[in-house]
Number of protein chains: 2
Amino acid sequence: MYVTQGLRRAAQIKPTAPGTIFRDRRHTWREVEDRVARFAGGLLRLGLSKGGRAAILALNSDRYFEYLLAVTRAGGAVVPINTRLAAPEVQYILEDSGAEILFIDDRFAPVLDALKGRLGSVREIIHLGDGPLPSGMRAYESLLSSPIADVINGDVDIAGIFYTGGTTGKAKGAMLSHRNLVMNAANVIVAFGYDADSVYLHAGPMFHLADGASTLAITAVGGVHAFIPAFDPANFLETVQRERVTHTLLVPTMINMLMNFPKISDYDLSSLRRITYGASPMPDVLLRKAIETLPDVRFVHAYGMTEAAPLVTALDPRYSTLDGPDAGRSKSCGQAAHMVDVRIADAHDQEVPRGTVGEIQVRGSNIMLGYWNKPELTEQALRGGWYHSGDGGYMDEEGFVYIVDRLKDMIITGGENVYSAEVENAISVLDGVAEVAVIGIPDDTWGEAVHAVVVPRVGKSLTPEEVIAHCQTLIAGYKCPRSVEIRNEPMPLSGVGKILKTVLRDPYWAGRAKQVN
Amino acid sequence: MYVTQGLRRAAQIKPTAPGTIFRDRRHTWREVEDRVARFAGGLLRLGLSKGGRAAILALNSDRYFEYLLAVTRAGGAVVPINTRLAAPEVQYILEDSGAEILFIDDRFAPVLDALKGRLGSVREIIHLGDGPLPSGMRAYESLLSSPIADVINGDVDIAGIFYTGGTTGKAKGAMLSHRNLVMNAANVIVAFGYDADSVYLHAGPMFHLADGASTLAITAVGGVHAFIPAFDPANFLETVQRERVTHTLLVPTMINMLMNFPKISDYDLSSLRRITYGASPMPDVLLRKAIETLPDVRFVHAYGMTEAAPLVTALDPRYSTLDGPDAGRSKSCGQAAHMVDVRIADAHDQEVPRGTVGEIQVRGSNIMLGYWNKPELTEQALRGGWYHSGDGGYMDEEGFVYIVDRLKDMIITGGENVYSAEVENAISVLDGVAEVAVIGIPDDTWGEAVHAVVVPRVGKSLTPEEVIAHCQTLIAGYKCPRSVEIRNEPMPLSGVGKILKTVLRDPYWAGRAKQVN
């Protein structure tokens, strides 16, 4: 198995059809394959070693896509860097991965100034922006060289190192093999419903595998990739309309921005068939609004993580409904993807009965080789042949998985377990709430106390008392927040739009140990 | 990857839904998994060794399905035997495979008498029929023992040895690994359009991978398996109606039998969504009749071979049409399946330009490990990392593959290449023709001469002169038959309903060498 197999197929079955579309730059699949083969040749000429790392720090573009395929075609490993990281974090990843080559765009070229040359073993910097060539860099198009054939990699050859800090701790590099990525693509094609007519819009950041999941999948079916540099409601809607986009992946925060975009009804969105969403809980009110606004779109809830390349479960769109007998299913992140084993296990790695909360564990050909340079973490994460996600959840009688919370986010107050998602869902339906995050803060009496951070909608005002009184009408008393912070600035967000609870939590816990299950 | 992964998933997501249906015997997926786990335990108790072979000679049934999964779950290798073979051929396969255990049903138990104990290393015979237990055999249900967990096999562990003689030569055992079968299932799900609502009817023989392709695929999506012992138009139609069958696989001969079945319109076939067909050319007249008779069914033309586990190419159903701009595409067997590399190569294994006839070669994780006990044949078949199919064909500019003929069936007459399929297609549209086969016979002047064997429809009569005159209106003179045999008995057929051209050809070539390209 090799990552560029799908590209070979796309160029064979759709040679003159569009493969990539970025602004007014379009390439057919034959052109894409030719360019990738020639960029791969260029990388070999630059001395990229077998298994050598080539990192990238850039917004979305067709060139980002070409980079992913050219590096793997040449036998190297991609290292896509989270664009939200601060300069020292970028430095850490460059050093830890031992990247030989760095691709960077106009937006992020200034980061290099901040790094003052601390680039680890990077010896070539490729500029893939459209702006003027910064000094000390090579122009992207100058890489084009003689084409090379696919390097047929062994299944377990590393295709990329994907750094994941999630919302806690120091970034770890998940090593994904060619096989991991190809198997994930096979699962994604089925779960997300891709076919030869699919036009996928890369709207979420391409460094993250939530979007990356579709990179190989859409290629293998011979679909079309459209790109916008970063999510922006107007550009998103314009691109959907112009390119007749059929599929995309959005996090709930982005869906919320779309639903609140005043001119959404001005756009022709009739081409849209499916929107996959995940990464954070989707409030019922938002799902309802999305379904009402886009009645012909089917919503697919997906769950995964970098270590699983990433897809683990997907919810068949028929269950993304808030009405009828299947209404409750919209709270689930779905059932195991086709070639993925999923189980819920206790602290001793024994599978627990259906309906019992435990750790979500995953096994399959999509599961990472391990963490780069971290054999102990790897052994711990993959012990017994199962990936230990650290996510808490339960499975119902028909295999639907419900994530109750990150285990480490669970709040233990007075000996009771409180899952913050439940409290957040309750608060999110209060009129005037734009965003909410619930965390545990230290409490001398209860160990932890439930604390809510609430961002009101523009033009609305809320009081802590209102929020608490509202919760008391919906959930048990011990789950209701003891304290509420009304926040008038945006939530701190991770690269994929997840609320960074650590940032909210840290001030309260400075100097204390938060108990982690 | 392991063959029973899909079963695990089906039992997890569809525990109480039907998994297998055979006559009035129904098992839910939970029951199927439990039974398979317990049969696997029983096989271990019988001493089935790791990698040990367990053969089967039986008509289709739910027990055949359980056998396939139980043997692989226990770490053994299945050996499904072609039910059309003569006793000495069965003996050869039992001896060559070194089978330890033989499963046999009521229909084939008498074969054992003919073999008079010449069963190689078989030491246990399991009777999976519903009739009385023959002496010296164990009853199938008595195998049920304590359940065992999945034996997680290495990717390259052999899951089965599938004997293939095709229409020429001695049977060879294609070794397919767990990975080969799982990857094929992944390709089949996409190509045949299976989902959680699919109800698949095993109507073709289960020993053949044309049907076997769907065994794991339908399981992995949590669909339903319905079985009939063997193809029979009335039973087929009744079962489709009763079980609301959505998908099946038929060879053109079976489709022809259905179309000629007088009472077809009496049945409610509204559940049928797709019929996959392959194994031999589909005459236009038959495709047209099938489309007209079943206008809501989409026809999927597939091409493959045992060595590829088996799917190689599939034709998107939109191209199974005889009208409009895509009409010509129905002659194609489609484009490369998702995770399969396909190329057309010359005798030096160099890819030829689009439109040029050459050998169809295949690469991918679906390609067999090799031929059992035949290292030289294996090396030859897999040289250069590509499987050499021996089938002649060309690829058009959009990757559609057209099979012109088995290379060894190509007729060379007066230095011109004549592809028998072309002549057969011409003859098949003559009114009154039921079946046709075109072969090359020795000719002192031309090397070979084109010879047609024609079976008229019931109640019709044809003359050689009519057939030749008809051809002259459609194809070049050198392609027209020089001689025609009007045959009033059925064609000799292989186990999957392919016309056995060797049987037709042999009398002419006795004592002579047929040139093979």
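The values are calculated or read from the model by the stated rules, or taken from the named source; none is laboratory data. The structure displayed is predicted, hence computed values, not measured ones. All Cβ positions, glycine included, derive from the backbone under ideal geometry; neighbour counts span all protein chains shown.
I'd like to know if region A:332-344 contains one or more residues that are in the same structural domain as A:Ala99 (by TED's automatic domain parsing), outside any loop (DSSP other than H, G, I, E, B), surrounded by fewer than 20 Cβ atoms within 10 Å (Cβ to Cβ) and of a type outside the set (Val, Ile, Thr).
Just the residues of region A:332-344 that are in the same structural domain as A:Ala99 (by TED's automatic domain parsing), to begin with: A:332-344.
Checking the rest, the ones that are also outside any loop (DSSP other than H, G, I, E, B) come to A:335-336, A:340-344.
Those still in the list that are surrounded by fewer than 20 Cβ atoms within 10 Å (Cβ to Cβ) too: none.
Within region A:332-344, not a single residue is in the same structural domain as A:Ala99 (by TED's automatic domain parsing), outside any loop (DSSP other than H, G, I, E, B), surrounded by fewer than 20 Cβ atoms within 10 Å (Cβ to Cβ) and of a type outside the set (Val, Ile, Thr).
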Members of region A:73-120 that are touching a helix residue (DSSP H, G or I) at 6+ places or on another chain (Cβ under 7 Å) and over 30 Å from A:Gly6 (Cα atoms)
A:Ala87, A:Val90, A:Gln91, A:Val111, A:Ala114, A:Leu115, A:Arg118, A:Leu119, A:Gly120
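Quick one: would you say A:Thr16 is hydroxyl-bearing (Ser, Thr, Tyr) and buried (at least 22 other Cβ atoms within 10 Å of the Cβ)?
On the way: hydroxyl-bearing (Ser, Thr, Tyr): yes; buried (at least 22 other Cβ atoms within 10 Å of the Cβ): no.
For A:Thr16, the condition - hydroxyl-bearing (Ser, Thr, Tyr) and buried (at least 22 other Cβ atoms within 10 Å of the Cβ) - is not met.
Residue by residue through region A:172-220, note down the ones that are of a type in the set (D, E, K, R) and touching a Ser or Thr at 6+ places or on another chain (Cβ under 8 Å).
Residues of region A:172-220 of a type in the set (D, E, K, R): A:172, A:179, A:195, A:197, A:211.
Residues satisfying the conditions are A:Lys172, A:Arg179, A:Asp197.
Could you check, for region A:296-306, whether at least one of its residues is in contact with an Asp or Glu (Cβ under 6 Å, 6 or more places away or on another chain) and either acidic (Asp, Glu) or modelled with pLDDT under 95 (or both)? Steps first, please.
From region A:296-306, those in contact with an Asp or Glu (Cβ under 6 Å, 6 or more places away or on another chain) are none; that's our starting set.
Checked against the condition, which is being in contact with an Asp or Glu (Cβ under 6 Å, 6 or more places away or on another chain) and either acidic (Asp, Glu) or modelled with pLDDT under 95 (or both), region A:296-306 yields no hits at all.
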Assigned by TED's automatic domain parsing to the domain that holds A:Leu102, crowded, with 24+ Cβ neighbours inside 10 Å and part of a helix (DSSP H, G or I) - does that describe any residue in region A:133-153?
yes
Here is a check on your reading of the model: is A:Gly173 part of a loop (DSSP other than H, G, I, E, B), within 25 Å of A:Val78 (Cβ to Cβ) and in the same structural domain as A:Arg73 (by TED's automatic domain parsing)?
no
Just checking, does region B:16-34 include any residue being more than 14 Å from every other protein chain (Cβ to nearest Cβ), within 30 Å of A:Val182 (Cβ to Cβ) and free of Cβ contacts under 8 Å to residues at least 40 places away in the same chain?
yes
Working only within region B:327-336, note down all residues that are at the interface with another protein chain (Cβ under 9 Å from one of its Cβ atoms) and either among the small types (Gly, Ala, Ser) or touching a His at 6+ places or on another chain (Cβ under 8 Å) (or both).
B:Ala336
Pairs please, first residue from region B:86-114 and farther than 11 Å from B:Ala55 by Cβ, second anywhere and acidic (Asp, Glu), Cβ atoms under 8 Å, 6+ apart in sequence or on different chains.
B:Asp106/B:Asp130
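Pick out, from region B:23-82, the strands (runs of 3 or more DSSP E) lying fully within it that include 2 or more residues that are farther than 17 Å from B:Leu102 by Cβ. Can you show your working first?
Details: elements: B:25-28, B:53-57, B:77-80.
By residue number, B:25-28.
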When you scan region B:189-209, how many residues do you find that are free of Cβ contacts under 8 Å to residues at least 40 places away in the same chain and surrounded by fewer than 24 Cβ atoms within 10 Å (Cβ to Cβ)?
1
All positions within region A:24-71 that are touching a Leu at 6+ places or on another chain (Cβ under 8 Å) and of a type in the set (Val, Ile, Thr):
A:Val32, A:Val36, A:Ile56, A:Val71
If we scan region B:431-445, do we find a residue that is hydrophobic (A, V, I, L, M, F, W, C) and part of a loop (DSSP other than H, G, I, E, B)?
no
Restricting to region A:371-389, name every residue that is within 20 Å of the chain's Cα centre (by Cα) and surrounded by 19 or more Cβ atoms within 10 Å (Cβ to Cβ).
A:Tyr371, A:Trp372, A:Ala381, A:Tyr387, A:Ser389
Given (1) under 25 Å from A:Ile291 (Cα atoms); (2) polar (S, T, N, Q); (3) assigned to a helix (DSSP H, G or I), index of the condition A:Ser271 fails:
(3)
Taking B:Ala347, is it small (Gly, Ala, Ser) and within 14 Å of chain A (Cβ to nearest Cβ)?
no
What's the total number of residues in region A:450-476 that are closer than 19 Å to A:Val404 by Cβ and of a type in the set (Gly, Ala, Ser)?
2
The condition of being of a type in the set (Ser, Thr, Tyr) and within 13 Å of chain B (Cβ to nearest Cβ) holds, among A:Thr313, A:Thr321, only for A:Thr313
Reported set for region B:214-224 where residues are outside any loop (DSSP other than H, G, I, E, B), surrounded by 24 or more Cβ atoms within 10 Å (Cβ to Cβ) and more than 16 Å from the chain's Cα centre (by Cα) is B:Ile218, B:Thr219, B:Val224
Failed condition for B:Asn417, given (1) surrounded by fewer than 17 Cβ atoms within 10 Å (Cβ to Cβ); (2) under 30 Å from A:Ala10 (Cα atoms); (3) at pLDDT below 85, with all others met?
(2)
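Residue-wise test of (1) assigned to a loop (DSSP other than H, G, I, E, B); (2) of a type in the set (Ser, Thr, Tyr); (3) in contact with a Ser or Thr (Cβ under 7 Å, 6 or more places away or on another chain); (4) at pLDDT below 85.
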| residue | (1), (2), (3), (4) |
| --- | --- |
| B:Ile468 | no, no, no, no |
| B:Tyr478 | no, yes, yes, yes |
| B:Leu504 | no, no, no, no |
| B:Ala513 | yes, no, no, yes |
Can you tell me how many residues in region B:172-213 are more than 15 Å from the chain's Cα centre (by Cα), among the aliphatic types (A, V, I, L, M), over 19 Å from B:Val156 (Cα atoms) and away from every other protein chain (no Cβ under 12 Å)?
1
Residues of region A:236-268 satisfying the condition of being surrounded by 16 or more Cβ atoms within 10 Å (Cβ to Cβ), hydroxyl-bearing (Ser, Thr, Tyr) and in a helix (DSSP H, G or I)
A:Thr239, A:Thr253
